[in-house]
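The values are calculated or read from the model by the stated rules, or taken from the named source; none is laboratory data. Since the structure is predicted, the reported quantities are computational estimates derived from the model, not experimental observations. Reconstructed Cβ throughout: ideal geometry from the backbone, glycine too, with neighbour counts over all protein chains shown.
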Amino acid sequence: MAPSAIPTDSTTNMEDPTISSLKKILTSETSSLARQFRALFSLKHLACLNPPTEQTVPAISAIAAGLSSPSELLKHELAYCLGQTRNPAAVPYLRAALEDKAEAPMCRHEAAEALGALGYTDTLQLLKEIRDDPNELEAVRETCELAVARIEWEHSRDRQQEKLRPSDFASIDPAPPMPEGSQPPSIPELQDALLNTNLSLFERYRAMFALRDLASPPDLPTAVPAVQSLALGLKDKSALFRHEIAFVFGQLCHPASIPALEEALRNKEEASMVRHEAAEALGSLGDEEGVDELLKEFLNDPEQVVKESILVALDMAEFEKNGEMEYAIVPGQEAPLAGAA
């Protein structure tokens with residue numbers, strides 16, 4: 001069971017110097033957003049080590065310290081990273097962010113998704129309350145719906161009996177890929193499920209992640225057709241759904257996704273949570289011709305979260321061009337840290 005109060009770090013008076021340095025970068029108002037993101041992913045690496053080490057809980061606490069940032073983009077990324085730790089020490093921070101109605105909707109949505117990723121059943125009551133609250137914002141309600149479904153699936157008997165295709169991605173996703181029967185589902189079948197609004201969001205997300213897995217590695221014969229099917233999801237009525245498609249494209253780094261991502265980024269009527277995700281996905285494709293120039297067009301975008309995403313995306317693009325191993329830093333060295341997300 002997850003703790004119900006904000007955990008305290010017993011090592012406060014003897015802080016690990018690496019974590020202390022990374023935390024200072026992450027929480028400094030004078031650090032560039034790009035450096036903050038690299039520090040965050042360094043901390044995520046330490047927080048997600050399996051088995052946990054003596055650095056695990058201090059790293060989680062250091063990540064959570066950034067939740068006081070004025071940057072909506074950074075806070076939403078912090079919440080995502082906390083959800084990837086699979087550690088109960090992250091739960092109280094995420095609950096607090098989700099329950100705070102003064103918090104930015106994008107951050108609350110990410111906190112709900114992270115609670116789903118952590119998978120603890122004692123968060124179900126809170127998630128169900130928000131899911132069923134008609135006064136809540138749609139993206140937050142939909143995320144709670146997904147989180148409830150994911151936790152219930154994870155603890156179900158069906159989950160033990162399902163055959164899942166091995167994935168190239170280590171991320172804990174909002175839904176698992178669609179299970180394989182006697183024969184794997186075809187791309188047309190998965191596309192039909194992806195676009196079928198009569199299905200639950202959870203079932204549609206399962207189709208989404210099954211398509212993602214058919215697009216990796218990029219030289220698979222199914223890769224381009226799967227990317228093209230996923231791109232159709234960017235026309236869905238749900239901003240949450242569209243943002244997840246853009247996130248998946250960021251994971252895939254497939255050049256076939258560039259036209260759809262560019263269209264989403266250029267659409268000033270699109271929700272900022274979708275445009276920001278499209279910008280970061282393009283950043284992961286930064287070694288592709290023309291991506292840098294495209295991103296620079298939006299450096300002064302009127303949407304703050306989009307403008308900040310462009311800064312991070314350009315840094316990611318530079319990282320891709322330089323052939324660095326990991327998007328993270330070692331304090332004092334400015335060098336890649338192996339194993340970070």
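Residues in the range 134-172 that are farther than 25 Å from ALA215 by Cα and in a loop (DSSP other than H, G, I, E, B): PRO134, ASN135, GLU136, LEU137, HIS155, SER156.
Let's see how each residue does on (1) part of a loop (DSSP other than H, G, I, E, B); (2) basic (Lys, Arg); (3) surrounded by 16 or more Cβ atoms within 10 Å (Cβ to Cβ):
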{"position": "ASN198", "(1), (2), (3)": "yes, no, no"}
{"position": "PRO225", "(1), (2), (3)": "no, no, yes"}
{"position": "PHE249", "(1), (2), (3)": "no, no, yes"}
{"position": "ALA256", "(1), (2), (3)": "no, no, yes"}
{"position": "ALA281", "(1), (2), (3)": "no, no, yes"}
{"position": "GLY286", "(1), (2), (3)": "yes, no, yes"}
{"position": "GLU289", "(1), (2), (3)": "yes, no, no"}
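The residue that is farthest from LEU98 (Cα to Cα), counting only those in the range 113-133 that are among the small types (Gly, Ala, Ser) and not in a loop (DSSP other than H, G, I, E, B), is ALA117.
Answer with yes or no whether ALA175 is loosely packed, with under 14 Cβ neighbours inside 10 Å, of a type in the set (A, V, I, L, M, F, W, C) and assigned to a loop (DSSP other than H, G, I, E, B). Taking the combined requirement at face value, the residue does not satisfy it.
For every residue, the table says whether it meets (1) more than 26 Å from GLY119 (Cα to Cα); (2) in the same structural domain as LEU234 (by TED's automatic domain parsing); (3) touching a residue at least 24 places away in the same chain (Cβ under 8 Å).
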| residue | (1), (2), (3) |
| --- | --- |
| PRO177 | no, no, yes |
| GLU180 | no, no, no |
| GLU189 | yes, yes, no |
| LEU195 | yes, yes, yes |
| LEU201 | no, yes, yes |
| ARG206 | no, yes, yes |
| ARG212 | no, yes, yes |
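Residue-level analysis places PHE249 outside the set of residues that are modelled with pLDDT of 95 or more, of a type in the set (Phe, Trp, Tyr) and over 24 Å from ALA317 (Cα atoms).
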